[in-house]
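Before I ask anything, let me first share the structure, which is written out below as structure tokens.
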Amino acid sequence: MISALWVMIGISLLLGAVLGYSSIKFKVEGNPLVEKIDAVLPQTQCGQCGYPGCKPYAEAIAKGEIGINKCPPGGEEGIQKLADLLGVEFQPFGEGAAPKGKAVAFIDEQTCIGCTLCIQACPVDAIAGAAKQMHTIIASECTGCELCLPPCPVDCITMESIGENITNWKWRHPVIIPIKVAA
Amino acid sequence: MRTLFAFHGGVHPPTHKDESTRTPIAQTPLPSKLVIPLSQHVGNRAVPIVQVGERVLKGQKIGRPEGKLSSAVHASTSGTVSAIDMQLVAHHSGLPDLCVTLIPDGKDEWIAHGGVDTKQTSHSELRHLLRKAGVVGLGGAVFPSDLKTDAHHHKIKTLVINGAECEPYITCDDMLMRERATDILRGAGILRELLHAEEVLIGIEDNKPEAIAAMQLAVGQDKHDKMEVLSVPTMYPSGGAKQLIRILTGIEVAAGVRSTEMGVQCFNVATAYTVWRALAHGEPLLSRIVTVTGNVSDAQNFDVLIGTPLDELVALAGSKPDTDRHIMGGPMMGVDLPAGTVGITKATNCIIESSPKLFPPQPPALPCIRCTRCTDVCPAELQPQDLYWFAKANNFGKTQEFHLFDCIECGACAYVCPSNIPLVQYYRYAKSEIHERERDKKAADLARERHEYRQLRIERDKQEKAEKLAQKEREAAAKAAQAAATPDDTQQRLIEEALARAKAQAAVAHPQNTETLTPGQSAEIAAIEARRAKIREMAADAGADDEPPKSH
Amino acid sequence: MLSSPFIAQPSSVSQIMLRVLLALIPGIALYVWYFGPAILVSITLASITALATEAVMLKLRSRPIKPFISDNTALLTAWLLALSIPPLAPWWLVVVGTAFAIAVSKHLYGGLGSNPFNPAMIGYAVLIISFPVHMTHWLTPHALGGVELSFVEQLNYIFNGVLPSHLTLDAITMATALDTLKTQLHLGLSVSDIRDMPIYGRLAGKGSEMVAIGFAIGGLYLIFTRIISWHLPVAYLAALFATAGVFHLVDPQHYVTPLFHWFSGAAMIGAFFILTDPVTSPTTAKGKIIFAVGAGILTYLIRVFGGFPDGMAFATLLMNICVPLIDAYTQPKVFGKKGAGK
């Protein structure tokens, strides 16, 4: 009886020591979850989630402050990826938060007065120009976040949707009609 | 006798090649217009260098290559450029692309051109000529030939010339070999020189005995050394570059590996022919042999100008009225063309006029029963049924683990599938989804990097500003302390001295000869002074504007 | 816009399954020859039940009925199950087994192509566990010259459970060759004594050995027409032969010859028709061999050391569980990547 007790105590001490040691040895620096979430987010830095960029949103998700369905540019696939990553249920987009098609901003260079307000608003420095100089969008860098639209005093910026063309065209998932008759 | 090797799998679809080999290659009359796409090759689209309304000559460059991986595009005949705009092109997507539309003037007037002595010309010059002539692979891949001949990083042992032409219906290479074997071999000879290859192996499927005989005869006549014409067993897809290299040399070139790394390079027979015409005659790639077959009354091969509208070409072969679609290429890997208006491109080896009778629609697909008939025929030795399963479930990571990108989309799996599953379409779908994700990932990474850099910069600016402010404050404080320390009269004296200096300057700068001015002159001077003042004022205003507006 | 290829070989699932059904005919014909036409009754019953169950399940699952009912897979399940049940079984035994096989082990798992277990063997397993007595009353072959029922009397028993007044069920039926062997060995007899019993023929059980040969002939036809690959039957029979051979060499008086194992029970029909169900067997060549060897060894172990007279069904089902694992670990090297590391 006593010896059994000793054995049990011995085992628990040993296991406790192992756990304690491994918690020191394999200590994880920083919060890798934030990085992982940030990697899934589309990096438009658009702030539609209510946070000033993708990283802050990732941090908020990691803390559990906000749902995973606040990122329209990521699309439903983005939500699915976050759900898979975090092991939570898929949440559909709320009212009015549906994802839009891809677009890039376009500055009407006739109207632009060169006020630099949009340059300051752009989160990825995708607008080139200087004071009193006409501005222009570097289309390849533009994430389509629309943050440059509100500050423009003369409304010279429009979003041009990127249509399907021969370079970005994709093969569709084959549709097999009879098997999908499901009611 | 050389030993040939076998590749795994393969199928034997009915060949249907006899229909279009009964008559020699026919010349087509000048079409009413030419629709010449600027992107007929792998790589960047050529940039148009002609204007609408401009008259161009046959062989004149109308699109210049953009970047390294690109090729030139030429006017196939003389005429007037009527449009440079988006037109439907021969592509799976059925989407328009930039094309130059040319109205022929009927004169077929050549631009000044001439060949070079290939023996006397440097290799880099020859490659440059190929690029200028718009020579690309005519077997279907349309990869710029100048890049393929640049193999100085690797020692090339074998040059494989691909005359297998394994796809059913297509006979353009067959007819070319029968009629123009000499030029093909001369082109192959140049390619061998460019690559410093030891031997040339020409692989032709054994269902083309006439072509094999013609090529062998030409090898003997021209006394080509170390050049061998080999008859390979008829088996689809033996004409795939990797498969033919395997058959002829036993070497397996894995996906993502260049055959040159393994000492082999492969060119199509039509490419070899075009190389000869381009270098020895200075003729850019303006036309190619196209098989027109299927639901037509006179299936045959035509020498067709690039850009010839499809409708005008098929009419020559007597396309039958119940034709419901046009297929470019063969029935195994071909492209369903979006319209009859598309122009013939460098990649167009065959046009099959299709009717519901000729290619009946597939019965509805049933679930996969894992019968592995697809595995048995897959020349890439993949597990098509697994790939299908993962692609269907959008499990793209798994498709890559199962070597999706080794798939050459030959269609053998779908051909044998008893459940009629459109397997290749699933693989293409998965591939394009993966490519899109990679593009998105790259864009997101770029955006993240730029955003983080911007954050960093803003932070740095803020700090610098704060530091400057602190510095100024320190200076002001120091000055104030100094001012407090020095007696008042010093400052007074300083001000007086400054005033005196100013007076003295004013006296010096006072305009001379003003006493004898007429009233008119005085008025003029006054006006000038007023304008100056105004400009100074404006400049001052502008200076104020240079301050960045306060945001928020 | 259509996607290439635009042509296809004229083959279909229903054609393949029809060929497999045809290949069963020599075996069935010999069955009828040696045991009388009762088996045809159970095959018919099973077929009707299978098609009806299939239709109902497709309807319930909102799937189109026509393409699936005409794929012949339900018929094949029905035939295989009917061939593994005693012909003189009450009608409801066949019906329950077939309905269970189709409804539960096929459709509840996702229908054609998605079932992890061989439906016919699931049906058999359910029956032998639930109704063990009914599953052991096998007909005696004509060759033994015992009392035999006329076809009408057989029908009367199958559908009404009524035997002619002067007969008991035991008088007209017997245990299978394997079952008898097992029982007699338990009773202490040696193999040579048992083999002298009248129910045994040259290879195994009288009559049943000939039926097994019939199935083997059909199976060879399937291999030569490339409907099935050789890997599964060859590896299965080889493994069964080898395992039985080792035991037989060690103690011939206790363990029968490998040939006896080949030609008794469900070994032949199993090797050529049951293991080769593509849906429930591995897809890689190496995997097929591992799968079949496993099934061969398990069949022997269950037959000799297990509680059931035959081991084919359970060996198949046990190996079915392993299929995803086998496939995952036997992925072959692809074109150009065989000299890995180079």
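For residues that are in contact (Cβ under 8 Å) with a residue 60 or more places away in the chain and not in a helix (DSSP H, G or I), scanning just the range C:279-312, find the one that is nearest to the other protein chains (Cβ to nearest Cβ).
Applying the filter and picking the extreme gives C:Asp310.
So for the range A:81-102 (the condition being within 14 Å of chain B (Cβ to nearest Cβ), β-branched (Val, Ile, Thr), over 30 Å from B:Leu423 (Cβ atoms) and out of contact with any Cys (no Cβ under 6 Å at 6 or more places or on another chain)), does at least one residue qualify?
no
Regarding the range B:408-417, can at least one residue be identified that is under 22 Å from B:Val253 (Cβ atoms) and within 7 Å of chain C (Cβ to nearest Cβ)?
Scanning the range B:408-417, I find at least one residue that is under 22 Å from B:Val253 (Cβ atoms) and within 7 Å of chain C (Cβ to nearest Cβ), so the answer is yes.
Looking only at the range B:341-365, count how many residues are more than 22 Å from B:Thr15 (Cα to Cα) and either modelled with pLDDT under 90 or within 12 Å of chain C (Cβ to nearest Cβ) (or both).
Here the count works out to 3.
Which members of the range A:26-80 meet the condition of being assigned to a helix (DSSP H, G or I), in contact with a Phe, Trp or Tyr (Cβ under 7 Å, 6 or more places away or on another chain) and within 13 Å of another protein chain (Cβ to nearest Cβ)?
A:Tyr57, A:Gln80 - these are the residues of the range A:26-80 that are assigned to a helix (DSSP H, G or I), in contact with a Phe, Trp or Tyr (Cβ under 7 Å, 6 or more places away or on another chain) and within 13 Å of another protein chain (Cβ to nearest Cβ).
Please work out if A:Glu95 is assigned by TED's automatic domain parsing to the domain that holds A:Cys142 and in a loop (DSSP other than H, G, I, E, B).
no
For the range B:385-394, does any single residue satisfy the condition of being facing chain C (nearest Cβ under 9 Å), in a loop (DSSP other than H, G, I, E, B), surrounded by 15 or more Cβ atoms within 10 Å (Cβ to Cβ) and not basic (Lys, Arg)?
no
Between a first residue in the range B:1-24 that is in contact (Cβ under 8 Å) with a residue 60 or more places away in the chain and more than 14 Å from chain C (Cβ to nearest Cβ) and a second residue that is outside any loop (DSSP other than H, G, I, E, B) and loosely packed, with under 14 Cβ neighbours inside 10 Å, which pairs have beta carbons less than 7 Å apart while being 6 or more apart in sequence or on different chains?
From residues that are in contact (Cβ under 8 Å) with a residue 60 or more places away in the chain and more than 14 Å from chain C (Cβ to nearest Cβ), there are no pairs.
For the range B:56-77, state whether one or more residues are outside the structural domain of B:Ala278 (by TED's automatic domain parsing), of a type in the set (Val, Ile, Thr) and surrounded by fewer than 19 Cβ atoms within 10 Å (Cβ to Cβ).
Within the range B:56-77, none of the residues are outside the structural domain of B:Ala278 (by TED's automatic domain parsing), of a type in the set (Val, Ile, Thr) and surrounded by fewer than 19 Cβ atoms within 10 Å (Cβ to Cβ).
Which pairs turn up if I take residues in the range A:141-164 that are over 22 Å from B:Leu446 (Cα atoms) and look for partners that are of a type in the set (Val, Ile, Thr) with beta carbon separation below 6 Å, at least 6 apart in sequence or on another chain?
Note: pairs meeting the criteria are A:Val154/A:Thr111; A:Val154/A:Ile113; A:Cys156/A:Ile107; A:Cys156/A:Thr111; A:Ile157/A:Ile107.
Continuing with the same structure: Tell me which residues, restricted to the range C:24-50, are of a type in the set (A, V, I, L, M) and out of contact with any helix residue (DSSP H, G or I) (no Cβ under 8 Å at 6 or more places or on another chain).
Across the range C:24-50, the qualifying residue is only C:Ile48.
Looking at C:Gly123, C:Gly188, which one is modelled with pLDDT under 85 and closer than 27 Å to C:Phe260 by Cβ?
Matching residue, one of C:Gly123, C:Gly188: C:Gly188.
Examine the range B:455-470 for a residue that is modelled with pLDDT under 90 and either surrounded by 15 or more Cβ atoms within 10 Å (Cβ to Cβ) or not in a helix (DSSP H, G or I) (or both), and state whether such a residue exists.
Within the range B:455-470 (the criterion being modelled with pLDDT under 90 and either surrounded by 15 or more Cβ atoms within 10 Å (Cβ to Cβ) or not in a helix (DSSP H, G or I) (or both)), the answer is yes, since at least one residue qualifies.
Check A:Ala103 against each of (1) more than 27 Å from B:Tyr453 (Cα to Cα); (2) touching a residue at least 24 places away in the same chain (Cβ under 8 Å); (3) of a type in the set (Gly, Ala, Ser) and name the one condition it does not meet.
With (1) more than 27 Å from B:Tyr453 (Cα to Cα); (2) touching a residue at least 24 places away in the same chain (Cβ under 8 Å); (3) of a type in the set (Gly, Ala, Ser) applied to A:Ala103, the lone miss is (1).
Being in contact with a helix residue (DSSP H, G or I) (Cβ under 9 Å, 6 or more places away or on another chain), crowded, with 19+ Cβ neighbours inside 10 Å, within 11 Å of chain C (Cβ to nearest Cβ) and more than 23 Å from B:Pro237 (Cα to Cα) narrows it down to one of B:Cys378, B:Cys368, B:Cys374, so name that one.
Exactly one residue qualifies, and that residue is B:Cys368.
Right, here's the next one. Do any residues in the range B:389-401 that are not assigned by TED's automatic domain parsing to the domain that holds B:Thr372 have Cβ atoms under 7 Å from those of residues that are modelled with pLDDT of 90 or more, where the two are at least six apart or on different chains, and which pairs are they?
Pairs that qualify, where the first residue is not assigned by TED's automatic domain parsing to the domain that holds B:Thr372 and the partner is modelled with pLDDT of 90 or more: there are none.
For every residue, the table says whether it meets (1) touching a residue at least 24 places away in the same chain (Cβ under 8 Å); (2) surrounded by fewer than 21 Cβ atoms within 10 Å (Cβ to Cβ); (3) aliphatic (A, V, I, L, M).
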site: C:Leu127; (1), (2), (3): yes, no, yes
site: C:Pro141; (1), (2), (3): yes, no, no
site: C:Val162; (1), (2), (3): no, yes, yes
site: C:Ser165; (1), (2), (3): no, yes, no
site: C:Leu169; (1), (2), (3): yes, yes, yes
site: C:Ser190; (1), (2), (3): yes, yes, no
site: C:Met197; (1), (2), (3): no, yes, yes
site: C:Lys206; (1), (2), (3): yes, yes, no
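C:Thr276 - would you say it is crowded, with 23+ Cβ neighbours inside 10 Å, in contact (Cβ under 8 Å) with a residue 24 or more places away in the chain and polar (S, T, N, Q)?
For C:Thr276, the condition - crowded, with 23+ Cβ neighbours inside 10 Å, in contact (Cβ under 8 Å) with a residue 24 or more places away in the chain and polar (S, T, N, Q) - is met.
Any idea which of (1) aliphatic (A, V, I, L, M); (2) more than 18 Å from A:Lys36 (Cβ to Cβ); (3) surrounded by fewer than 18 Cβ atoms within 10 Å (Cβ to Cβ); (4) over 16 Å from the mean Cα position of the chain (by Cα) is the one A:Val88 doesn't satisfy?
Only one criterion is unmet by A:Val88, namely (2).
Can you name every residue in the range C:208-226 that is β-branched (Val, Ile, Thr) and crowded, with 20+ Cβ neighbours inside 10 Å?
Hit for the range C:208-226 is C:Val211, nothing else.
Right, another one. Taking only the range C:169-192 into account, find how many residues are in a helix (DSSP H, G or I) and among the aliphatic types (A, V, I, L, M).
Here the count works out to 8.
Next question. In the range B:315-338, what residues are in contact with a strand residue (DSSP E or B) (Cβ under 7 Å, 6 or more places away or on another chain), part of a loop (DSSP other than H, G, I, E, B) and within 11 Å of another protein chain (Cβ to nearest Cβ)?
B:Asp324, B:Gly329, B:Gly330, B:Pro331, B:Met332, B:Gly334, B:Leu337, B:Pro338
Note down all Cβ pairs under 9 Å where the first residue falls in the range B:322-338 and is on the phi > 0 side of the Ramachandran plot, the second is surrounded by fewer than 24 Cβ atoms within 10 Å (Cβ to Cβ) and at pLDDT 90 or above, and they're at least six residues apart or on different chains.
Here the result reads B:Gly329/B:Val335; B:Gly329/B:Ala347, each pair linking the range B:322-338 to a residue that is surrounded by fewer than 24 Cβ atoms within 10 Å (Cβ to Cβ) and at pLDDT 90 or above.
So which helices (runs of 4 or more DSSP H) are wholly in the range C:33-125 and hold at least 3 residues that are in contact (Cβ under 8 Å) with a residue 12 or more places away in the chain?
C:38-60, C:73-83, C:91-100
Does the range B:65-87 hold any residues that are small (Gly, Ala, Ser) and part of a strand (DSSP E or B), and which are they?
Once the filter is applied, which keeps residues that are small (Gly, Ala, Ser) and part of a strand (DSSP E or B), the range B:65-87 yields B:Ser70, B:Gly79, B:Ser82, B:Ala83.
For the condition surrounded by fewer than 24 Cβ atoms within 10 Å (Cβ to Cβ), in contact with a helix residue (DSSP H, G or I) (Cβ under 7 Å, 6 or more places away or on another chain) and hydroxyl-bearing (Ser, Thr, Tyr), what is the one hit in C:Thr299, C:Thr257?
Every option except C:Thr257 fails the conditions.
Could you tell me which of the residues B:Leu279, B:Leu285 is in a helix (DSSP H, G or I) and either buried (at least 22 other Cβ atoms within 10 Å of the Cβ) or touching a Cys at 6+ places or on another chain (Cβ under 7 Å) (or both)?
Exactly one of B:Leu279, B:Leu285 is in a helix (DSSP H, G or I) and either buried (at least 22 other Cβ atoms within 10 Å of the Cβ) or touching a Cys at 6+ places or on another chain (Cβ under 7 Å) (or both), namely B:Leu279.
The values are calculated or read from the model by the stated rules, or taken from the named source; none is laboratory data. On a predicted model such as this, the values are computed, not experimentally measured, just so you know. We place every Cβ from the backbone using ideal geometry, glycine too, and count neighbours over all the protein chains shown.
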